[in-house]
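Read-outs throughout are calculated quantities, based only on the coordinates presented, and are distinct from any laboratory measurement. Source: prediction; values computed, not measured. Please note: Cβ atoms are built from the backbone with ideal geometry, for glycine as well, and neighbour counts cover all protein chains shown.
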There are 2 protein chains.
Amino acid sequence: MSATVDSQRARLREVDAPQSLVVRFPETSPLKLDAGVDLTNLSVAYQTYGALNSQKSNAVLICHALTGDQHVANIHPLTGKPGWWSTMVGPGKPFDTERFFVICANVVGGCMGTTGPASTNPMTGKPYGLELPIVTIRDMVRAQAKLIDHLGIDQLFCVAGGSMGGMQVLQWAASYPERVFSAVPIATGARHSSQNIAFHEVGRQAIMADPDWRDGRYFDEGVRPFKGLAVARMAAHITYLSDEALQQKFGRKLQNRAAPTFSFDADFQIESYLRHQGSAFVERFDANSYLYMTRAMDYFDLAGDYGGKLRAAFLKTKSRFCVVSFTSDWLFPTSDSRAIVHALNASGASVSFVEIETEKGHDAFLLDLPELIATTTGFIDSAARARGIA
Amino acid sequence: MSATVDSQRARLREVDAPQSLVVRFPETSPLKLDAGVDLTNLSVAYQTYGALNSQKSNAVLICHALTGDQHVANIHPLTGKPGWWSTMVGPGKPFDTERFFVICANVVGGCMGTTGPASTNPMTGKPYGLELPIVTIRDMVRAQAKLIDHLGIDQLFCVAGGSMGGMQVLQWAASYPERVFSAVPIATGARHSSQNIAFHEVGRQAIMADPDWRDGRYFDEGVRPFKGLAVARMAAHITYLSDEALQQKFGRKLQNRAAPTFSFDADFQIESYLRHQGSAFVERFDANSYLYMTRAMDYFDLAGDYGGKLRAAFLKTKSRFCVVSFTSDWLFPTSDSRAIVHALNASGASVSFVEIETEKGHDAFLLDLPELIATTTGFIDSAARARGIA
């Protein structure tokens, strides 16, 4: 659970002065939130890759997941690791940066430069903390639309993303039917299930139970709820992997020892792995942002905005869809993707659906899976031809 | 997360002076632990129901699960609720107390009167805390065997239990092949999976992250790690239910409100339910005991004691087995039960196996399920005839 002073300074710097492109929207251009209030002084931090063509027809928006960020295909400024989707975005990759202008923005509520609970509230000069209104998936998409407007792009060639990113893809297609030529929602659902809300609630309670959380004002008080956030991450991480993957990777193998210690040490490799996941996470993520991101996912119920009928959400869409699920994903099981596909079919949309056989669980969308690469490449190539992109 | 002063006094009283029968073994009769040390001054708290017959052939041992206790079929002295298996144990129930002498003992490491981390260490006059050696499933069974010896019973007519109780059933059959006439392991496994260890580790880390845990010495310091224990319980509770059960019972229904509050309140019924599970649990259970119980389950790998061959564990058994699993149990899925059945078949044991179709998840073993009642009744009746019990 150690977090070095240097890493914490770097973490804090990213919030208000990110190592990214940033648009700072004027007070006259607030973000209207589902919570019923306006968020003024919105900043959106983003990365781009490749070049926009003269017709502005080759823009791809990548939407990141719960703990992701805009660093989709470059070395991450805090962790020094490759971008989270460098398997999918880059020269010769499915989202080929020699062909497409790829954009990825940190979502509102995040902690990598777009306005979030760690950002300085211009009204107080202190971090927002819980004074930031709750944000929704639709709010994230509204903020992205403002960025796309700012970039002068009318229509995105493609919006793609996995998990919470996939929710944004679906919201884009519903909210801006004219602005999305193609859509790739991966390992996602049109609403968050009861079990998923339950896991999120456990994570939030773990953070809020940490006395260093201080009702969200930890920055003011010079502390950080590292232990609570690490526990939240550990619990969530289990849901990202499948039972089978854990069994194959770790089983009951012991960590650097021949026999159990008969103690509460991390005897098993899986324990050591989870503890590492927890302690690495707190170095790069903000606890309040974790609360906001999980809440946004919990609140997501696309059909709810359309009289409970999911197909109604897609009635105006002109996008072509490629829906992808993974057999061993129990966080967003294939049944969630099927519900999306049924609604798209019922609304008359063009949709292809691939369930990929893998034991890797939900995290499969982040991995270098040949079938995921092939599926996406095929779909994108075909859509690019239809859109007249060279 | 409130726990009243009165409830806490009652809780503490149960540890050293339980409202149960108690055997206090003399110093000359220590419990030999797998950790390689002797536990002296062992107390075992237990309940009995019905009467032992003159041949002493009608004794049934019920083994309780992680957070269960000896109050299997009477009103619980702390919660005022019916016993945890009153659907299965009582007059006219599968374990008919007009026919059988039913025994249930709190396991070693527990917190309801059998020696555990909350018990007073006679060497120091203070609660053991983490000075209690780690206990294993085999240690629990050894302590039960001492109780059975004390009661003058050579052979148990049946040993039965679910989850961690089922692990004890399997251990009984392996350790004391002559002393178990029949065995009913329900919703259990012969070893704890990587995913199950992972969930337990999250729970332990949640407890240990609570500053009121105080390295296990919270009683000495007049505090209790209620928040950490509640988070641990919440996380575990999700694993006891199925995705489908949660969806059916709670779905995305809101709790006493018409619209989301756009806050971190318990908007959803599932959140409110989980918070209640957490806060009710800390009233009746000891945090250190939770650490010990989860560790015992993690360490359980019956085949490990027999050269990695599960069938070898059962080579000497003369018991007849009734193995039960539930279709929607993802904590101990049917594949775990199948592995037990295959090993029993390979060892030539008599075994019947029933997979019960239910959406109730792991917790199904605690519920009033007609198919569970019918299966157990049929098996027990047949075994009783074979044993010559009227």
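Within the range A:191-227, work out how many residues are in a helix (DSSP H, G or I) and among the hydroxyl-bearing types (Ser, Thr, Tyr). Before the answer, list the steps.
Step one: of the range A:191-227, the residues in a helix (DSSP H, G or I) are A:194-209, A:211-216, A:226-227.
In the following step, the residues that additionally are among the hydroxyl-bearing types (Ser, Thr, Tyr) were identified as A:194.
Here the count works out to 1.
Provide a single number: the residues in the range A:82-134 that are on the phi > 0 side of the Ramachandran plot, part of a loop (DSSP other than H, G, I, E, B) and touching a residue at least 24 places away in the same chain (Cβ under 8 Å).
So in the range A:82-134, the residues on the phi > 0 side of the Ramachandran plot come out as A:90, A:92, A:109, A:113, A:125, A:129.
Then keep just the ones that are part of a loop (DSSP other than H, G, I, E, B); that gives A:92, A:109, A:113, A:125.
This time we only want the ones that are touching a residue at least 24 places away in the same chain (Cβ under 8 Å), so: A:109, A:113.
Final tally of qualifying residues: 2.
For the range B:139-162, indicate whether the set of residues that are in contact with a Lys or Arg (Cβ under 9 Å, 6 or more places away or on another chain) and closer than 20 Å to residue B:298 by Cα is non-empty.
Yes, the conditions are met somewhere in the range B:139-162.
If residue A:69 passes every condition in (1) in contact with a strand residue (DSSP E or B) (Cβ under 9 Å, 6 or more places away or on another chain); (2) among the acidic types (Asp, Glu); (3) farther than 22 Å from residue A:19 by Cα but one, which one does it miss?
If we test residue A:69 against (1) in contact with a strand residue (DSSP E or B) (Cβ under 9 Å, 6 or more places away or on another chain); (2) among the acidic types (Asp, Glu); (3) farther than 22 Å from residue A:19 by Cα, just (3) comes out false.
Confirm whether residue A:126 is more than 20 Å from residue A:45 (Cα to Cα) and more than 14 Å from chain B (Cβ to nearest Cβ). Steps first, answer last, please.
On the way: more than 20 Å from residue A:45 (Cα to Cα): no; more than 14 Å from chain B (Cβ to nearest Cβ): yes.
It is false that residue A:126 is more than 20 Å from residue A:45 (Cα to Cα) and more than 14 Å from chain B (Cβ to nearest Cβ).
Could you check the range B:248-279 and list, in sequence order, the residues that are among the hydrophobic types (A, V, I, L, M, F, W, C), in contact (Cβ under 8 Å) with a residue 12 or more places away in the chain and more than 8 Å from chain A (Cβ to nearest Cβ)? Break it down into steps so the answer makes sense when it comes.
Of all residues in the range B:248-279, those among the hydrophobic types (A, V, I, L, M, F, W, C) come to B:250, B:254, B:258-259, B:262, B:264, B:266, B:268, B:270, B:274.
Add one more test, that the residue is in contact (Cβ under 8 Å) with a residue 12 or more places away in the chain, and what stays is B:250, B:254, B:268, B:270, B:274.
Within the range B:248-279, just B:254 meets the criteria.
Residue by residue through the range B:164-190, note down the ones that are touching a strand residue (DSSP E or B) at 6+ places or on another chain (Cβ under 8 Å), buried (at least 23 other Cβ atoms within 10 Å of the Cβ) and not in a helix (DSSP H, G or I).
B:180, B:182, B:183, B:184, B:185, B:186, B:187, B:188, B:190
Just the residues that are of a type in the set (Gly, Ala, Ser), touching a Leu at 6+ places or on another chain (Cβ under 7 Å) and within 29 Å of residue B:111 (Cα to Cα), please, taken from the range B:293-326.
The answer is B:303, and nothing else.
Of the residues that sit in the range B:350-368 and are without any contact (Cβ under 8 Å) to a residue 60 or more places away in the chain and not β-branched (Val, Ile, Thr), which one is nearest to residue B:325 (Cα to Cα)?
First, pick out the residues of the range B:350-368 that are without any contact (Cβ under 8 Å) to a residue 60 or more places away in the chain: B:350-358.
Retained after the next criterion (residues that are not β-branched (Val, Ile, Thr)): B:350, B:352-353, B:355, B:357.
On the way: B:350: 17, B:352: 12, B:353: 8, B:355: 5, B:357: 9 Å.
Applying the filter and picking the extreme gives B:355.
Within the bounds of the range A:37-44, is there any residue that is within 20 Å of the chain's Cα centre (by Cα) and surrounded by 24 or more Cβ atoms within 10 Å (Cβ to Cβ)? Steps first, answer last, please.
If we filter the range A:37-44 for residues that are within 20 Å of the chain's Cα centre (by Cα), which is where we start, we get A:42-44.
Filter once more, so that each one left must be surrounded by 24 or more Cβ atoms within 10 Å (Cβ to Cβ): A:44.
Checked the range A:37-44: at least one residue is within 20 Å of the chain's Cα centre (by Cα) and surrounded by 24 or more Cβ atoms within 10 Å (Cβ to Cβ).
Which numbered condition trips up residue A:286, out of (1) out of contact with any Cys (no Cβ under 6 Å at 6 or more places or on another chain); (2) within 26 Å of residue A:80 (Cβ to Cβ); (3) more than 10 Å from chain B (Cβ to nearest Cβ)?
Single failed check for residue A:286: (1).
For the range A:72-111, give me each residue that is aromatic (Phe, Trp, Tyr) and in contact with a strand residue (DSSP E or B) (Cβ under 8 Å, 6 or more places away or on another chain). Walk me through how you get there before you give the answer.
Of all residues in the range A:72-111, those aromatic (Phe, Trp, Tyr) come to A:84-85, A:95, A:100-101.
A:85, A:95, A:100, A:101, listed by residue number.
Report, by residue number, each residue of the range A:210-238 that is buried (at least 20 other Cβ atoms within 10 Å of the Cβ) and not hydrophobic (A, V, I, L, M, F, W, C).
Residues of the range A:210-238 that are buried (at least 20 other Cβ atoms within 10 Å of the Cβ), as a first pass: A:210, A:213, A:216, A:218-219, A:224-236, A:238.
A:210, A:216, A:218, A:224, A:225, A:227, A:228, A:233, listed by residue number.
Output the residues belonging to the range B:104-140 that are closer than 14 Å to residue B:39 by Cα and in contact with a Cys (Cβ under 9 Å, 6 or more places away or on another chain).
Those that are closer than 14 Å to residue B:39 by Cα and in contact with a Cys (Cβ under 9 Å, 6 or more places away or on another chain): B:107, B:117, B:119, B:140.
What are the residues in the range A:313-363 that are within 14 Å of another protein chain (Cβ to nearest Cβ), of a type in the set (S, T, N, Q) and assigned to a helix (DSSP H, G or I), if any?
Selection gives A:334, A:335.
Right, residue B:230: assigned to a helix (DSSP H, G or I), within 13 Å of another protein chain (Cβ to nearest Cβ) and within 19 Å of residue A:268 (Cβ to Cβ) or not? Show your work before the answer.
On the way: assigned to a helix (DSSP H, G or I): yes; within 13 Å of another protein chain (Cβ to nearest Cβ): yes; within 19 Å of residue A:268 (Cβ to Cβ): no.
No: the conditions fail for residue B:230.
Looking only at the range B:162-174, which residues are of a type outside the set (Val, Ile, Thr) and on the phi < 0 side of the Ramachandran plot?
Once the filter is applied, which keeps residues that are of a type outside the set (Val, Ile, Thr) and on the phi < 0 side of the Ramachandran plot, the range B:162-174 yields B:162, B:164, B:165, B:166, B:167, B:168, B:170, B:171, B:172, B:173, B:174.
Take the residues in the range B:194-209 that are facing chain A (nearest Cβ under 7 Å) and not polar (S, T, N, Q); name whichever of them is surrounded by the most Cβ atoms within 10 Å (Cβ to Cβ).
So in the range B:194-209, the residues facing chain A (nearest Cβ under 7 Å) come out as B:194-195, B:197-199, B:201-202, B:204-206, B:209.
Checking the rest, the ones that are also not polar (S, T, N, Q) come to B:197-199, B:201-202, B:204, B:206, B:209.
Numbers: B:197: 25, B:198: 23, B:199: 23, B:201: 28, B:202: 29, B:204: 21, B:206: 35, B:209: 26.
So, considering only residues that are facing chain A (nearest Cβ under 7 Å) and not polar (S, T, N, Q), the one surrounded by the most Cβ atoms within 10 Å (Cβ to Cβ) is B:206.
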